[in-house]
Every structure is written in C-alpha cells, then in structure tokens.
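The values are calculated or read from the model by the stated rules, or taken from the named source; none is laboratory data. Quantities reported herein were computed from a predicted structural model and do not represent experimental measurements. Using ideal geometry, Cβ is built from the backbone for each residue, glycine included, and neighbour counts are taken over all protein chains shown. The protein model used for the area step is the full one, side chains on, heavy atoms only, and it has no ligands, DNA or RNA in it. Shrake-Rupley method; radii C 1.70, N 1.55, O 1.52, S 1.80 Å.
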Amino acid sequence: MILVDLDALASCLTSPSCLVTQTTSGLIIGMLLFLVAVGLTLIFGVLKVVNFSHGAFYMFGAYFAMTAYQLTGSFALAILSGAAGTAILGLIFERVFMSRVYGRDVLMQLLVCYAFVLIFDDVVRMIWGPEFKSMGMPAAFQVPPLFIAGGVVPPYYLLLIGVALAAAAVLGLGLARSRIGKVIRAAAHNPGMVSALGINTGLIYGGVFALGGMLAGLAGALAAPVRSLTPGMGFSVLIESFIVTVIGGMGSILGALIGALLIGLIRSFGSLGFPLFTEGLMYLFMVIVLVSRPTGLFGKEVA
Amino acid sequence: MKRTRKPGISRRSTLALMGAGAVTFAAPWVARAQAKTIKIGMPTILSGRVAQLGTSSRNAVMLEVEKVNAAGGLAGRQIEMVIRDSKGQPQEAARIARELVNTDGCEMLLDGEASSGSFAVHEVARDLGVLCIHTCSEASSLTADPKQHIPNAFRCVRQGIHDSIVGAGYAAGIAKAKGLKKWATCSPDYAYGRDTTGEFVLYLKKFAPDVEIISESWPKLFQPDYTEVVTKILQAKPQALYSCLWGGDLTSYIDQANIYAMFTQMEVFAVNMADYTALTVVKNLPKGIHSGDRYIKTFPPTPENAAWGDAYKAKYNEYPTNWSWQNATAVMFLNEAVKKANSTDGKKVAEVLAGLTIKCPFGADGTVTMRADDHTLVGYAIGWGTTIPQEPYVPDVKAGDWKAIFELEADWKKSKGYT
C-alpha cells in the first residue's frame, strides 16, 4: 500500500500535461464547491444564520434540472429551471420557516435546518423515488476531450468553470457596486437602521436566501450530468462547503472563492502525492488556517 | 372491496358480486382456517441509500411466496411474511430478527441484510436455534469460516471468492490475448472494496503472472466526485482498470470518466456493472465494459430465467436485482426442503436443506445446490461479458467453470486456515 507518493507528485508538477489535467480537475471540483459555499457564506453574512439545510438546495437543483431536461430535452432550460426552482424554494423556505428563528438560539436554528434536511430528503424520495438517477450528458457535450499542452480537458468542464466564474463576478460586482448590493451590505451591518430608513428588510432577507439557494441549485444543475442523483446527495457537498467557508472566512465571498479553489487543488494534487490521505489533507489545511487565522483567510474580526 | 365501489356499479350488483365471491371461495376458506399459517420473518434494508436492493429482495420473496401459497403453502400451511426495515444497521437487524422470532412468532428467518448486518443476524440464529437463510451477504467468511458454522443457518447467495476466481480467470484470458500488463484499480474504501479487489488481483496475478498493478485509487464510499481519481488514473496510463464500485457510485464514475474519454484509452473491468439498477440508469453507457453477471435475464440463457425476469418486471415495473434472484432462490429451497421433509419443523428442514439440489432458473445447469459441508449456495450461474448500451446490455456472457472454482476455492480455504 502506498501511503505517500512524492515521486508521482513531483513528476506531475514538472510535466505540463499533468499540470494542466490536474489543475483543471482541481478547478472543476473547486468551482462547484464555490457555488454551494458562496450561498452559505452569503446567507450567514447577511442573515447571521448557518443554513445547515443548504445541501438540500444543491440536491433540488440537480433533480429540477434532470426533470426539465427529460421534459424539454434542452440543457439550457435544465440549468435555468435548476436555478430558478431553487430560488423560489429558497424564498418560500425563508419566509415561512427561517424568518421565524432569526435572532433565536443557534440550537433552535440548527434544529429547524436539520429537520428540513430530513424532510427535503424524504420529499425527493417521494417525488423521484429512492433509487439513484442519472441525467446523462447532453449530446452537445458528448465530444472527445480537448488536449491542452498534452493535458486532458473535457469541454463540459470548461463550460462549468465559465458559468461558475461568471456567477462569482456578477455576485462580487453586484454586491460591491449596485444599489441593491449596498442595501444588502447595509442590512448585514445594521438591519435596524436599514429598516428605519424605510427599506423592507424582510424582502432583503428573503431575496438573499433565495439567491443563496439559487447558487446552490445552479451547482446542482451543473453537476447533474456527471454525478448520480440520490436523496441525501446534498450532505457530503455541505460538509465540504463548510470547510470552504471556515477556511475562507464566514461571510466573505472572495474567501469562499479562494477556499473552494484551494480545496479543489488540494484534492486533485493530493490524490497523486497522498493517495490515502487526500481527505485528511483538507481537514489538516483547515486546522492550520484555524490556528493561524481563527476568522479564516478573509474573515473579519467581528463577523 | 373498495375498488368495486366505483360510481356506475350499483349497490345491488356489488352485493351480488360479493355473494358470488363468497360462495366461490367459501370452501377453501374453511380448509385454510384449519391449517395454521406459518410466519417467516425477514429483516432487510428498506430505507436509506441501498433501499432499492432491500425492496427488490422483498419483491422477489413475495413473488415466490405467492406461488407457493397458491400451490397450497408449506406442508399445507400458508406462508405469512413479516418483513421489517433494519435501515442497514447491524444492531437494528439483530434486534428485529430476535423480535420476529420471540414476539411475532416467526418460525423461520430470511436474512435480507448486507454483509455487516448478516453477521449480527447469524448470531441471533445461533442463539435462538431458528432456521435462518442468509439471502444477501456475499462476504465469503460468513460460511467459509468454520467458526461461523451452525447447523440451522444457510447462505443462499453468490460469494465473493467465487466472483474473484471467475472474474480473474476471465480478465487474465483477455490480458494475455491483448497483452494488458499494466493495471490500475479503483474501488471504494471499505471492507468489501478492499477484500474484493485484493482477491481479484491475487488471482489475476496467479493466472497472468505478467500483470503489474501500477496505480491504486480508493475513493470514499458514496463520494460524489471522482474527477481527481479519473485524472490520476489517466496520468498513470494503465492498459486496464479494475473496479468494484457499485450502484450510484459506479454510474457517477462512468459519467465522469466518460467525458475524459477514459473508456477508449483502456480496458475496463467493472464487476458490478451488469446489474439492471446501474445499466438502466447510465444514459451514455460505454460499449465494451467487462462485467460480472449480477442478475441479467439473458444469463443463464434459458427460457425459465427470461420468463422469471419478465414476470418480475411485469409485476413491479422494473427489472430484478442481484438480491432478487437470491431471495427467490431461498424461497424455492424452503419450498422443496419442506416438501421433502414433509414438515415445517426447522430442524428437520435444515437436515434436508444441507446438500439439497433443486431445479432453479438461476442455476448454471438448471439446478443449484446447497452445499452440505459449509451450507452455502453453489452451482449458480456465474460469468463475465462485455456491455452494449441497450438491451440485452450484456449480450454474450462467458460462463465460469464450477469445477475450476471448486478447486481454487478449496486451495483458498486452506490458505485461510478454514479447512
């Protein structure tokens, strides 16, 4: 059994083909993780709740996309319904349930979220059945992979990285520059004052939650052609997203991006150098970050 | 009766129908009332990630039990199945098994648990002395290890060691013919994945000494993404890949490896591919994946097997699984053994079961045998073939040779200190 294979890692780092393949592989893992984690971090930043049911939106995104794809045969519509469906679901979930536990005990919020993890899984089981499903790759992407500098890059993954990067850019710029972005940031900082200025904070909260859900749903829809769909599929993604937000800093979008990409690269290069310790590497990295910067790489002192 | 009370059928005609039904069935009802029903308990996995397999076990049992009951039951006693969900937890499986016997009055057990739970149910059977047939656990040691042996427990399941011997023999043949020397493995990181891969590699190297394993990957069970594993294997550039990933993990892996065109770059041997649960789910199934037979209605290529697969599909609207045929076979064994013993007494039935050969649609030669010395199923259809993307999915399965299996199995038992 090979525990540490530094030769393999070293020979990969010196070979351009291997570098390209492993780097893109890391980017793919990272970008999907980013979409889920950024919603988590956004919801935490503004609403100050840790949404433990966030993985469910990733799951619903995938199932919505699969159903839309089966009904229409259009991949664009599939992605769109994955994102739009989870946005609506997020809005309803926030208005009807989550809005009742703001400012309450963390334990209470946790219990509500956990209850919905179970409920959402069972809802999926009732609608789509307990067995695993596969959406299938759209015909347009059933093409041989590209060879860049000898490295293998599937075209679908280029699309995936592109969409995720675009989402990151729109989100980052939107929050920093637009009027709505400013209101959201203000609401995160001082909701009482924002409310006093005549802005409907409930609407803002609902909107942010919907946005977070939509991003997770988008990730699920993008992952649907390559990952099998099962009730409970959101859970493992959720755990990794938490690692990402802890590394990047709760509430920081840039942190989520950097954290996700780091996790992706750790996984792809770690699997070469430390085949039996790839998972462990992620946690080890998280521990190092927590010890040296307890608020995460881009976290603020007071969240 | 609710169904007949649709609008359009008057109360009077409903009553007339009921009256007619009562007259028709009155006589058998009286007869049946005299013979007490026999309860058979069955813990299995009906919720969680492998619920599909547990459900398919229950379906197959019910399909066969209906036939037995229609033919008069077990020694004149109608079978009543008591099936409970263990959620795949061993301690829960053991608790349920005990409760089925002690509280519900079940006289026999069908143990529809995966390996982890089956050892727990086995201990309950040892303790209570109740007749128990394991129907899902493929772990070889359950019956191969003499420490596990009890007179009242049997295993009506394919076995890991048989699969490894047949799979490695098949793979070695192709390795020699095509000159495949550099191999990689990619299997889930838990007991089943490690053991099965280890045994396969052991026999592959025995049959084809040139083979060398140049890369190993051990993804976590239920891991959602395999991209880093796929690219790692591509970097190693093996000529062939062995994997015992299964279910949703296998289909994820195939979808992800497909877009890297992995299946055009190496021969892939995936022992769990030829199972309808995976075959019917993968949308872009690559051609030419080598796989063992799990359950496929075209192997053995007999009308009996095809008819059974179709009957199951007609009833449940999906194809049976590997667990289905094993559970169906267990009911067939019980039926034959009770007939021969002319009794439903567990002890007498167990005595007959040991060494019993029955006609069975899933037998390599139309029969299967419950081997007397270790109480395990032998002679079932076992083979390997390559996939195509549509039905019959694995058109040509090469059957394994039971004589060779027996010889190597005996050696293996010796090497393990089992004999």
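Residues are listed down the side, and each one gets a yes or a no for (1) surrounded by fewer than 22 Cβ atoms within 10 Å (Cβ to Cβ); (2) in contact (Cβ under 8 Å) with a residue 60 or more places away in the chain; (3) within 14 Å of chain B (Cβ to nearest Cβ); (4) not in a helix (DSSP H, G or I):
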position: A:ASP7; (1), (2), (3), (4): yes, no, yes, no
position: A:LEU19; (1), (2), (3), (4): yes, yes, yes, no
position: A:GLY26; (1), (2), (3), (4): no, yes, yes, no
position: A:LEU40; (1), (2), (3), (4): no, yes, no, no
position: A:PHE52; (1), (2), (3), (4): yes, yes, no, yes
position: A:PHE57; (1), (2), (3), (4): no, yes, no, no
position: A:ALA76; (1), (2), (3), (4): yes, no, no, no
position: A:ILE79; (1), (2), (3), (4): no, yes, no, no
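Per this entry, B:ASP195 is counted among residues that are on the phi < 0 side of the Ramachandran plot, among the charged types (D, E, K, R) and at pLDDT below 95.
Go through the stretch A:184-303 and tell me which helices (runs of 4 or more DSSP H), entirely inside it, have 2 or more residues that are touching a Gly at 6+ places or on another chain (Cβ under 8 Å). So that I can check it myself, show each step before the final result.
Values: elements: A:191-196, A:201-223, A:234-248, A:253-273, A:278-292.
Fully inside the stretch A:184-303 and qualifying: A:201-223, A:234-248, A:253-273, A:278-292.
Selection over the stretch A:217-228 of residues that are more than 8 Å from every other protein chain (Cβ to nearest Cβ) and open to solvent by less than 10 Å² (accessible area, probe 1.4 Å) gives a count of 6.
Annotation note: Cβ proximity below 7 Å between a residue of the stretch A:275-297 that is within 14 Å of chain B (Cβ to nearest Cβ) and modelled with pLDDT of 90 or more and a residue that is open to solvent by 40 Å² or more (accessible area, probe 1.4 Å) and not in a helix (DSSP H, G or I) (sequence gap 6+ or interchain) occurs for A:LEU281/A:PHE274. Residue-level analysis places A:VAL112 among those that are out of contact with any Asp or Glu (no Cβ under 9 Å at 6 or more places or on another chain) and more than 25 Å from A:ALA223 (Cβ to Cβ).
For the stretch B:259-277, name all the residues that are facing chain A (nearest Cβ under 9 Å) and surrounded by 24 or more Cβ atoms within 10 Å (Cβ to Cβ). Matches in the stretch B:259-277: B:ILE259, B:THR277.
So if I check each of B:LYS313, B:LYS287, which one is surrounded by fewer than 18 Cβ atoms within 10 Å (Cβ to Cβ) and modelled with pLDDT of 95 or more?
It is B:LYS313.
From the list A:ILE258, A:ILE253, A:ILE263, the lone residue that is under 20 Å from the mean Cα position of the chain (by Cα), open to solvent by 40 Å² or more (accessible area, probe 1.4 Å) and touching a residue at least 24 places away in the same chain (Cβ under 8 Å) is A:ILE258.
B:ASP189 meets each of the listed conditions (1) at the interface with chain A (Cβ under 10 Å from one of its Cβ atoms); (2) of a type outside the set (A, V, I, L, M, F, W, C); (3) in a loop (DSSP other than H, G, I, E, B); (4) farther than 24 Å from B:ILE161 by Cβ apart from (4). For the stretch A:156-196, the set of residues classified as closer than 30 Å to B:ASP255 by Cβ and open to solvent by 30 Å² or more (accessible area, probe 1.4 Å) consists of A:LEU158, A:LEU159, A:GLY162, A:VAL163, A:LEU165, A:ALA166, A:ALA169, A:VAL170, listed by residue number. If only residues of the stretch A:112-145 that are exposed (fewer than 14 other Cβ atoms within 10 Å of the Cβ) and more than 30 Å from B:GLN52 (Cβ to Cβ) are counted, the one that is farthest from the other protein chains (Cβ to nearest Cβ) is A:ALA140. Of all residues in the stretch B:174-189, those being open to solvent by 40 Å² or more (accessible area, probe 1.4 Å) and either of a type in the set (A, V, I, L, M, F, W, C) or more than 25 Å from B:GLN235 (Cβ to Cβ) (or both) number 2.
Filter the stretch B:196-238 down to the residues that are of a type in the set (S, T, N, Q) and closer than 20 Å to B:GLY160 by Cα, then identify the one that is farthest from the other protein chains (Cβ to nearest Cβ). That would be B:THR196. Confirm whether B:PHE406 is within 23 Å of B:LYS147 (Cα to Cα) and either surrounded by fewer than 16 Cβ atoms within 10 Å (Cβ to Cβ) or in contact (Cβ under 8 Å) with a residue 40 or more places away in the chain (or both). It is true that B:PHE406 is within 23 Å of B:LYS147 (Cα to Cα) and either surrounded by fewer than 16 Cβ atoms within 10 Å (Cβ to Cβ) or in contact (Cβ under 8 Å) with a residue 40 or more places away in the chain (or both). Evaluating B:ASP127 against the criteria (1) open to solvent by less than 40 Å² (accessible area, probe 1.4 Å); (2) at pLDDT 95 or above leaves one unmet condition, (1). A count restricted to the stretch A:146-157 and to residues that are part of a helix (DSSP H, G or I) and either more than 11 Å from chain B (Cβ to nearest Cβ) or of a type in the set (Phe, Trp, Tyr) (or both) stands at 2.
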